[in-house]
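Colleague: Mind looking over this structure? Questions follow.
Every number here is computed from the coordinates shown, using simple stated rules; none is lab data. Note that the structure is a prediction, hence the values are computed from the model and not measured. Note that we place each Cβ from the backbone using ideal geometry, even for glycine, and neighbour counts take in every protein chain shown.
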Amino acid sequence: MLLISREYPPFVGGGIGTYTVRMARALADQGREPTVVTVGDCDEPVIERDGSIRVVRLPFLGYADSKPQWWAPRSSILQSPEGPAKHAAFWAFHRESVLAMQLREHFSWLLAEFKPEAIEAPDTGALLWFILNERRVGRGPLYELGKDGPPVIVHLHSPTAWIEELQGGAEPGRASAELRSMERDVIRWADGISCPSHAL
């Protein structure tokens, strides 16, 4: 199984990271070979081992003293051929969109290298948006695989719309509105939904 999460040790921020760690360990305890795709302080994809868990780290932001620097994508991303589009996405949409674009860029390789039985990512941040949108419009690796492709599951955690409501109301501007819309899209386009509670 391919578990996608921006949060994974040593960069764990909250519930999504905690869930990803526990799910990966549970799958490993069952004799599966889970692969976690996350971010790292790197300029190219890096494969690591965390016991029986494979961890793939993708470039996303620059880091200083092990802390992400949120004002722009990593400089190596900006220097890549897709750099201008990712820089525009960082400012016009939401910062998570750069990671979603990184996932799309490396997705064919991830499928070929790890041959996952299923793919799971959180709703928060809409990390699967570019991958699922390609399939929806009839192109990309998932579309080419058709019924032989792995099912894509969205795990409901904390939609941005709910987070904003609990924090006093929706953030103004296009980026927040686009992110809320993209999160709704990935829920609609997924092959399955995993939800931890009736209330959610």
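Colleague: Work out which helices of the chain, taken as complete DSSP H runs, extend at least 24 Å along their axis over the Cα atoms and score a mean Kyte-Doolittle of -1.0 or more, then list them.
Modeller: Those that pass (Cα extent of 24 Å or more, hydropathy at least -1.0) are 95-114.
Colleague: I need the peptides 33-39, 180-186, 50-56, 147-153 ranked by packing, meaning the mean over residues of other C-beta atoms within 10 angstrom, with the highest value on top.
Modeller: With the highest mean Cβ count within 10 Å placed first, the list reads 33-39, 180-186, 50-56, 147-153.
Colleague: If you take every residue apart from residue 16 with its C-beta less than 9 Å away from the C-beta of residue 16, what net charge results, scoring Lys and Arg +1 and Asp and Glu -1? All intermediate terms of the calculation are to be shown ahead of the outcome.
Modeller: Values: positive: 6; negative: 7.
Overall, the nearby charge balance is 0.
Colleague: Near residue 86, which lysines are there with a Cα under 28 Å away, not counting those fewer than 8 places off in the same chain?
Modeller: Within reach: 67, 115.
Colleague: Determine the gain in length on full extension of the stretch residue 72-residue 163; use 0.36 nm per residue of separation and subtract their C-alpha separation, reporting nm with one decimal.
Modeller: Full extension of this stretch gives 30.5 nm more.
Colleague: Which of the listed residues, 129, 77, 94, is farthest toward the dipole's positive end in segment 56-200, when Lys, Arg count +1 and Asp, Glu count -1 at the beta-carbon?
Modeller: Toward the positive end, the furthest listed residue is 77.
Colleague: Decide, for the chain, between rounded, prolate and oblate: order the square roots of the alpha carbon gyration tensor eigenvalues as a ≥ b ≥ c, take rounded if a/c falls under 1.5, and otherwise choose prolate if a/b is larger than b/c, else oblate.
Modeller: rounded
Colleague: Report the relative contact order of the chain, percent, no decimals, based on alpha-carbon pairs under 8 angstrom and at least 6 residues apart.
Modeller: On the way: 326 pairs, mean separation 33.5, N = 200.
Answer for the chain is 17 percent.
Colleague: So how do 139-146, 85-92, 119-126, 97-104 stack up, highest first, on mean other-Cβ count within 10 Å?
Modeller: Result, highest mean Cβ count within 10 Å first: 119-126, 97-104, 85-92, 139-146.
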